[in-house]
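What follows is one structure encoded as structure tokens, with my remarks underneath.
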Amino acid sequence: MNTGKIKKIVRERGFGFIDDTDGREVFFHQNALSEVKFEDLSEGQTVSYDVEKSDKGPRALNLRAA
């Protein structure tokens, strides 16, 4: 599992971005959440997640509050 902090949340569109501890930016969508509600996430919050490669860059899966 990877860890990082939520950099930005775009609530009206249901996605956001994470600053990974490895220095990369990781996209997440509300459908990728596990054990946490999208409404409960906040910018600056520490999260853990798995990462998959996508056409547009790294994408988080199984995102949960750390």
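The values are calculated or read from the model by the stated rules, or taken from the named source; none is laboratory data. As the structure is a prediction and not an experimental result, all values here were calculated from the model. Here Cβ is always computed from backbone atoms with ideal geometry, including for glycine, and neighbour counts include all displayed protein chains.
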- Does Val26 fit the bill of being part of a loop (DSSP other than H, G, I, E, B) and aliphatic (A, V, I, L, M)? no
- Message: Looking at Glu12, Glu35, Glu52, can you tell me which residue is acidic (Asp, Glu), free of Cβ contacts under 8 Å to residues at least 12 places away in the same chain and not in a strand (DSSP E or B)?
- Response: Glu12
- Task: Evaluate region 21-28: report whether one residue or more is without any contact (Cβ under 8 Å) to a residue 60 or more places away in the chain and under 13 Å from Ala66 (Cβ atoms).
- Result: yes
- Query: Is it true that Gly44 is surrounded by fewer than 12 Cβ atoms within 10 Å (Cβ to Cβ) and either at positive phi or in contact with a helix residue (DSSP H, G or I) (Cβ under 8 Å, 6 or more places away or on another chain) (or both)?
  - Reply: yes
- Message: I'm told Ser42 meets every condition in (1) more than 11 Å from the chain's Cα centre (by Cα); (2) at pLDDT 95 or above; (3) small (Gly, Ala, Ser) except one. Can you identify the failing condition by its number?
- Response: (1)
